[in-house]
Each structure stands twice: as C-alpha cells, then as structure tokens.
Amino acid sequence: GAAVAVAAAWLLDPAVLLDGGHWGQPDSIHSGFVLAAFATIGGALGPARGTRRNAALAWSWLALAALMKPLGAPFFPLLLAITLLTSGVAAAACGALAAAAVAVALFAPFVAEWGVATMVERLLGDVTIMAYTSVNGHNLWWLFGPWRDAESPLVGPLTPTHLGLLAFAVAMVAVIVLAVRRHRGRHAGLHAAQVLALAAFLATAFFLVSTHLHENHLYGALPLLLGAIAAAPPQNSTRPLAWLLFAALSLGVAWNVAAHDFVWRQCWPFILGADAPFVGDAPDQRLPRGEWLAGTIGTWWNLACGAALATFCCGASLQRLPWRRETTPPPPGDAGRGRP
C-alpha cells in the first residue's frame, strides 16, 4: 500500500505533469540521478552501505546529474560529507575517482571533436547564461525584483550572484552539521530517509537563495522528499507531516510553472491590473500586475515550505528525530523494567 501511494503521488503530481508532460522539461532525468545518488549512499538502493562500491555508484549517479544539468553540482559537498560519515575516507576517494572517470568518459567524444578550449567555453557559457536575479523563479530574488542584472555590485563589491552563493554556503554548512549531529547522536547512524530529507532541504535552500533560477528549478526537491517518505519505517509517526510537506512543495512548483506558462500568463487572473514596474522575460516587456502578484504569493508560499522543511529536518539535532529508529517493545516477562 505504501509503495502504491508513493508511485501514485509521483505519477499524479500536478507539478510533475506540468513540468514534464505540459512543458516537456527534462528535470525528471537529472533529478532522478540525484535521487539515486543519495538513496545509494543512504543504503536504500544498490549494495550495502559503507562499502567502496556503494560510494562509487553514488558518486557516479551524481556525476551524471551534474553533467546533464549544473543543478546537480551543488549536491557534491553534501554527498562528500555523507560518504565520509557512513563509509570513510577511502570510500570518499573511491567515489571521487568514479565521478571523475564518468566525466572523462562522457566528455571524451566531445573533446576529441571540438577540443578542450571549446568545451570549457561552452560549459562556462551555459552556467552564466541569463545572469538575472530571478528568471521567473519564485524565490527571495523575486521579492528583490526579477530579471535584474545579477552581476552588478549590490552590497559593496558583492553582486547578487555572490550573495546568493554565500547564503547557499551557509545552508550547506547547516545541513552538514545536522548530518554530523544525527550520525553521532543518541541513535547513532544516518537512516536513508534522513539522508534523503536533508538532500531535499538542500535542494529547496538552493532554489530559495540562488540567482539565475527558472520556474521549474525547485522540481529537484520533490523526488528527494518523496524518496525520504518511501524509505521511512512504515509505522513512523512523522509520515503524515512528510506527506504534507511534499504536497505543499508540489503546489509551489506547480504554481510557479503555471503562473509563467506562455499561454496561461495571458489569461485571467494573470492579466489583471496595470503592468508591474519590473521587466519581464523580454527586453521591453513588463510583467502584468496579476502575474507579479502570483509570483509574490508563490514566493511567500515557497519560503514557508522551506522554513517548514528546515524545522522538520532540524528535529534530527534535537533528538526529536524525523525518522528515529523504532524501539523494540519489551517481552512479556520484562514489563515495567524500562527496557527499550
């Protein structure tokens, strides 16, 4: 029953249908690779956790994600931390070598055809293209103003891009600290569900504070959170809350995509009111007031989801663990002795 519920939640998710079915975006592919990486290193997929083979597979999955789309790259520091905690230094080195081997193997035909310089130029060009604060992504930069230059100094010499990277670095450190405290806590060891939940929070934090992001770039948090639900113990009391968080995040992604759909944005209620004082996704285009308001509502919704997910994950450091190990009931003859 739980497996059917997880499968149905994904297949019928409005965000998945809009992003993949309606828009034809490939987010499910690189997001699937990220999910496979953290499910593998958490022990929910592939060989037994704590082995070098386990680490090599996880890092290979994440390398595939990053090579398909740069959105996979921000997960490498967390994967490194989880690998060190669960498998050790040798496994982490093995994983890094496996990722490098995957990159070399996939780049080799293109380097042979175009040369190293052209490949590097193409990669850097793809990362820096559309260097705006928010490219219709409902995050903190939407409140500052979408489609503004992200490479102009904003605070002293710091640009919005720099500030976004600094904020994400803080979130990354916080997530790694949570992972370490959970690993060394009262119930030692990271459960696969906790690994996936932390990765889902990291994906959400990256979307909320980073520049250059589009309508669909919160999508990657959805399979990670659903994977955490699937990996959690069946009787765990926090499953309903996890389902609620998944539904809320899905609504945020679906709303973000729908509000800026090329056809729907020209319909009621997105065309209500005069144009907002912000440039849209064309040089001389202004966002209709209704579309701007829809983005603002979506931004506050996503921020609330991010705060709720952060609170949910922080339970790991307070021993109110999202997926703590279920205690074993005492046998009949030991009743009342306080045995766990």
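The values are calculated or read from the model by the stated rules, or taken from the named source; none is laboratory data. Just so it is clear, the model here is predicted, and its values are computed rather than measured. Cβ sites come from the backbone with ideal geometry, for glycine too, and all protein chains shown count toward neighbours. Side chains included, ligands, DNA and RNA excluded: accessible areas come from the protein's heavy atoms. Shrake-Rupley method; radii C 1.70, N 1.55, O 1.52, S 1.80 Å.
Over region 1-135, with the other protein chains present, what is the accessible area per residue in square angstrom, probe 1.4 angstrom? Walk me through the intermediate numbers first.
Working: 6670 Å² over 135 residues.
That works out to 49 Å² per residue.
Arrange the peptides 199-209, 253-263, 28-38, 87-97 so that the one whose residues have, on average, the most other Cβ atoms within 10 Å appears first. Let's see the in-between values first.
On the way: 199-209: 26.1, 253-263: 20.0, 28-38: 22.7, 87-97: 17.5.
My ranking of the peptides, most packed first, is 199-209, 28-38, 253-263, 87-97.
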Ranking ALA167, LEU196, GLY252 by how far each Cα lies towards the positive end of the charge dipole of the chain (+1 on Lys and Arg Cβ, -1 on Asp and Glu Cβ), the top one is LEU196
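Just from its helices, what would the mean residue ellipticity at 222 nm be for the chain, if runs of 4 or more DSSP H residues each count -39500 (n - 2.57) and the sum is divided by every residue, rounded to the nearest 500 deg cm²/dmol?
Values: 12 runs with 197 residues, N = 340.
Computed ellipticity for the chain at 222 nm equals -19500 deg cm²/dmol.
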Summarise the accessible area of region 72-158 (1.4 Å probe, protein heavy atoms) by the percent that is carbon and sulfur.
74
Would you please state which residues of region 213-245 a label at ALA5 would reach in this model, taking the label point 7 Å out along Cα→Cβ and a backbone N cut-off of under 16 Å?
225-245
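If you put +1 on each Lys and Arg Cβ and -1 on each Asp and Glu Cβ, how big is the dipole of the chain around its Cα centre, in Debye rounded to 20? Walk me through the intermediate numbers first.
On the way: 19 positive and 16 negative charges, 359 e Å.
Taking the Cα centre of the chain as origin, the dipole is about 1720 debye.
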In the set (i) 44, 26, 18; (ii) 36, 26, 18; (iii) 37, 20, 20, which value of semi-axes √(5λ) of the Cα gyration tensor in Å was calculated from the structure you see?
(ii)
Given a 10 angstrom Cα cut-off, can you work out which residue in GLN235, GLN194, GLN25 is the most mobile in a GNM of the chain?
GLN235
Which far-off residues, 5 or more places away or on another chain, put their amide H under 5 Å from the one on LEU287, with H placed in the peptide plane?
ALA276, PHE278, GLY280
Grab the Cα-Cα distance for LEU17 and VAL263, subtract it from 0.36 nm times how many residues apart they are, and report the gain in nm with one decimal.
86.9 nm
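Expressed as a rounded percentage, what relative contact order does the chain have, with Cα pairs under 8 Å and six or more residues apart? Walk me through the numbers on the way to the answer.
Values: 498 pairs, mean separation 63.2, N = 340.
Relative contact order, the chain: 19 percent.
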Across PRO157, PRO269, PRO240, the residue with the highest GNM fluctuation in the chain (Cα network, 10 Å cutoff) is PRO157
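With a cut-off of 8 Å between alpha carbons and a minimum separation of six or more residues, what is the relative contact order of region 1-138 in percent? Don't jump to the answer; show the numbers that get you there.
Details: 130 pairs, mean separation 26.0, N = 138.
Result for region 1-138 is 19 percent.
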Given springs between every Cα pair under 10 Å in a Gaussian network model of the chain, which of PRO14, PRO233, PRO153 has the largest fluctuation?
PRO153
What distance in nm lies between label points placed 7 Å from Cα along the C-beta direction at ALA304 and VAL127?
3.6
Placing unit charges on C-beta atoms (Lys and Arg positive, Asp and Glu negative, everything else neutral), compute the dipole magnitude of region 140-223 about its Cα centre in debye, rounded to 20.
580
Computed over region 96-184: relative contact order in percent, which uses C-alpha pairs under 8 Å that are six or more apart:
14
Between the residues ALA2, LEU106, SER237, the Cα farthest towards the positive end of the dipole of the chain, that dipole coming from +1 and -1 charges on the beta-carbon of Lys, Arg, Asp and Glu, is from SER237
